[in-house]
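The values are calculated or read from the model by the stated rules, or taken from the named source; none is laboratory data. All values derive from a computational prediction rather than experimental measurement. Because the Cβ atoms are built from the backbone with ideal geometry, glycine has one as well, and the counts that use them run over all protein chains shown.
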Amino acid sequence: MKPKQPCVHCRRLFIANPRVNNQKYCSRDRCQRARKSRWQQRKMDSDTDYRQNQKDSQQTWQTHHPDYWRQYRDSHPQYRERNRMLQKQRDAKRRAKHLAKMDSLKRLKQIKPGTYYLIPCTGNLAKMDALTQKINLISAAYDDYCASCKKGLDRPADPVAVKGSQ
Ligand SMILES: [Zn+2]
């Protein structure tokens, strides 16, 4: 007889069915649902044909049942409330991201164009040689600027330093 092993979903010990190769889930309904859901999620991530078939069949089903989701939302206030809450979280996240972007832009604007000494921040600062560089600020269209730089167009007369992520 095989030894008992823990189910990867519910963590209860179970004896694997000898006919099932490499069984990880016990036979409880919710664990089998979790197993199938996980399989389907992986299939959706890896198989483009499967993903397209799922999408097509969902659309076909939806054209045959146009009122299903509206009725479902009407009859399931908890579902509706949960969706509303999740949407609020997504909105808050988006706002926070936008504010963070604005903050970093403000910080960038606080750097005044001019001549600066660039000193590496690693090691002993006293022994490091300072490097004089002129700092020019580049506006939001930096990506376009970089693309033209690579082509050798719009090359500025002075060297340009850009605030990096370090
Ligand atoms: Zn289980």
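Odds and ends about this structure:
Matching residues to (1) modelled with pLDDT of 95 or more; (2) surrounded by 10 or more Cβ atoms within 10 Å (Cβ to Cβ); (3) farther than 30 Å from Lys43 by Cβ:
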site: Ser75; (1), (2), (3): yes, no, yes
site: Leu86; (1), (2), (3): yes, yes, no
site: Leu108; (1), (2), (3): no, yes, yes
site: Ile111; (1), (2), (3): no, yes, yes
site: Tyr116; (1), (2), (3): no, yes, yes
site: Gly123; (1), (2), (3): no, no, yes
site: Ile135; (1), (2), (3): no, yes, yes
site: Tyr145; (1), (2), (3): no, yes, yes
site: Gly152; (1), (2), (3): no, no, yes
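- The single residue among Arg42, Arg30, Arg51 that is assigned to a helix (DSSP H, G or I), within 16 Å of the ligand (Cβ to nearest atom) and without any contact (Cβ under 8 Å) to a residue 60 or more places away in the chain turns out to be Arg30.
- For the stretch 4-22, the candidate set comprises residues that are assigned to a loop (DSSP other than H, G, I, E, B) and in contact with a strand residue (DSSP E or B) (Cβ under 9 Å, 6 or more places away or on another chain); within that set, the residue that is nearest to the ligand (Cβ to nearest atom) is Cys7.
- Trp61 being modelled with pLDDT under 95, more than 16 Å from the ligand (Cβ to nearest atom) and either charged (D, E, K, R) or in a helix (DSSP H, G or I) (or both): no
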